[in-house]
Structures are given as structure tokens and as C-alpha cells.
Amino acid sequence: MKSWARQILASVLVNSVYEMKNYPVVLLNTVLSPLSFLLVIAFVSRGQLIGEAIEGGFIMSMFQSGMSLQGDLSHLKNDFKLQDMVVSSPTAPAAYVSGMALAEIIYSLPALVVLTILAAIYIHPGVVQALELLCVFLLMFLASVTLGFTLSTFSSDIVQSFAFSRLISTLFSTLPPVYYPITYIPLPYRYIAYLSPTTYAAEIAQSAAGLVPLSTIETAVAWVVMLAVAAVLSLIAVKKARWREV
């Protein structure tokens, strides 16, 4: 096995497999968090918004997975000095962060499997639709994981990291209209929702599944915003993250 593959595997073992094996109860939180909102929306709408709610569950899971990286990296950096050891070792920063990010996805697999089954039952996406949904969810994860990584390098305390992680996750995955169409928000307040990139991800996903009509221009604008957000956050992570100063 090549060295970068071993480095990624080590990150996965440290950040997900160990905790999943020794404390399986933590997996319940990853499942209950997105599914609780899904159930509320499904019951309140009498099942009419079940498709939008399933896609909202995907967006929340992917965004929260990325932001969880902030708390986990901060914990390993401040409490175990793991980042200091990684910096002084031949391990490449990209391999370390990629492995930790992959671990967050593995950590969320129970929720993603349940949501995938529900999507197959209620949304019935074709191959092209499924690929479009996968692209927008992965783009959402990339944006959140780069944000989580950058913030973790500035954090000096695990409590502070978890506070910011939960605050940002709430602001971007529960307040914006990711579980229902944006048209449910009165127009004067609808513009505020467009300040969140998750709103554009939800619009693309809902349009791809045929749940909400979106014009070609609106779809293009949503993709441009998503790509721009991911690119800017990635650039900030590369240029501004405190990798060697800690």
C-alpha cells in the first residue's frame, strides 16, 4: 500500500472507526439529526414534501459532516497534539485532511444509507438525476469541510470549536429552506435565504428530482454560486489556514 493511502487509512481509523467501534451510541445522533427534521416536514405536509425533506436530510448530513471536521481536528490538535506530530512528519497536509474528511463521511454512513433507501422509494431518481444530486451533495460537503478545516486551525479550545461548529451548522442547514421549497418563505424574507449556499444546493436538488421547477438561468446561477463558494473556501483554506503555526 502506498504511503498516502496508509496516511488516509490511519486518519479514518483514528477519526471514525475507533469511535464507532467503542461508542456505537454516537451513531444514533448522526441518524436522528437529519431524520428528525424529515419526519416533522413529512407529517406537517401530510407527505406532500417527503421528496424535498429527503433531499434536505442529505444536505444537512453532508454539511454537518464537513463542519464536524472542525471539532474533531481541534480536539486532536489541542488535546492530543496530533497536528504537531503530523506537521513534523513526512505526512502531506492534503493526505491528513483528506483522510479526516473521508472519516466524517464514513461516520455519517448510517444516515446516508437510510436517506438513500428513502430516496429510492419516494423520489425514484434516474441515473442522470442521481449523478446531479451526488455532485451537488459532494460540492456542499467540500465547501463545509474546507470551512471546518480552516476554522479548526484557528481554534485553541475544543469547547470553542464545537460551539462554532454547531452554530454554523444550525445557521446553514436548518434555518434556510433545505427541507421545503423556498417559495414557502414570504417574498420579503426570501432574499435572506439566498445568503446561504445550502439554499442553492436545495434548489438544484429539488429541480433535479423534478420536485420544484427551475429555469435554465436559475439552475445555472445556482451552480455558479455553489462552485464559487467551494472555490473561495478552498482558496482560503490553502492560503490562510494555520497549518504550521500551531
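The values are calculated or read from the model by the stated rules, or taken from the named source; none is laboratory data. Just so it is clear, the model here is predicted, and its values are computed rather than measured. Cβ atoms come from the backbone with ideal geometry, glycine included; neighbour counts cover every protein chain shown. Ligands, DNA and RNA are excluded from the accessible area calculation, which covers all protein heavy atoms including side chains. Shrake-Rupley method; radii C 1.70, N 1.55, O 1.52, S 1.80 Å.
Starting from segment 172-201, take each residue that is closer than 20 Å to residue 228 by Cα and without any contact (Cβ under 8 Å) to a residue 12 or more places away in the chain and list its partners that are open to solvent by 60 Å² or more (accessible area, probe 1.4 Å) and of a type in the set (S, T, N, Q), counting only C-beta distances under 9 angstrom and pairs at least six apart or across chains.
Close Cβ pairs satisfying both conditions: none exist.
If residue 105 satisfies every condition in (1) within 12 Å of the chain's Cα centre (by Cα); (2) within 25 Å of residue 210 (Cα to Cα); (3) surrounded by fewer than 23 Cβ atoms within 10 Å (Cβ to Cβ) but one, which is the exception?
Failed condition: (2).
Look at segment 50-83 and say how many of its residues are buried (at least 22 other Cβ atoms within 10 Å of the Cβ), aliphatic (A, V, I, L, M) and modelled with pLDDT of 90 or more.
Residues flagged as buried (at least 22 other Cβ atoms within 10 Å of the Cβ), aliphatic (A, V, I, L, M) and modelled with pLDDT of 90 or more within segment 50-83 amount to 5.
Return a yes/no flag: does segment 17-33 have any residue that is within 21 Å of the chain's Cα centre (by Cα), crowded, with 24+ Cβ neighbours inside 10 Å, in contact (Cβ under 8 Å) with a residue 24 or more places away in the chain and within 21 Å of residue 172 (Cα to Cα).
Checking segment 17-33: not a single residue is within 21 Å of the chain's Cα centre (by Cα), crowded, with 24+ Cβ neighbours inside 10 Å, in contact (Cβ under 8 Å) with a residue 24 or more places away in the chain and within 21 Å of residue 172 (Cα to Cα).
Identify, please: which residue in segment 140-164 is within 13 Å of residue 65 (Cβ to Cβ) and not polar (S, T, N, Q) and is, among those, farthest from the chain's Cα centre (by Cα)?
So, considering only residues that are within 13 Å of residue 65 (Cβ to Cβ) and not polar (S, T, N, Q), the one farthest from the chain's Cα centre (by Cα) is 149.
Of the residues 187, 235, 211, 175, which is closer than 20 Å to residue 64 by Cβ and either in contact with a helix residue (DSSP H, G or I) (Cβ under 6 Å, 6 or more places away or on another chain) or not acidic (Asp, Glu) (or both)?
None of the other options fit; the residue is 175.
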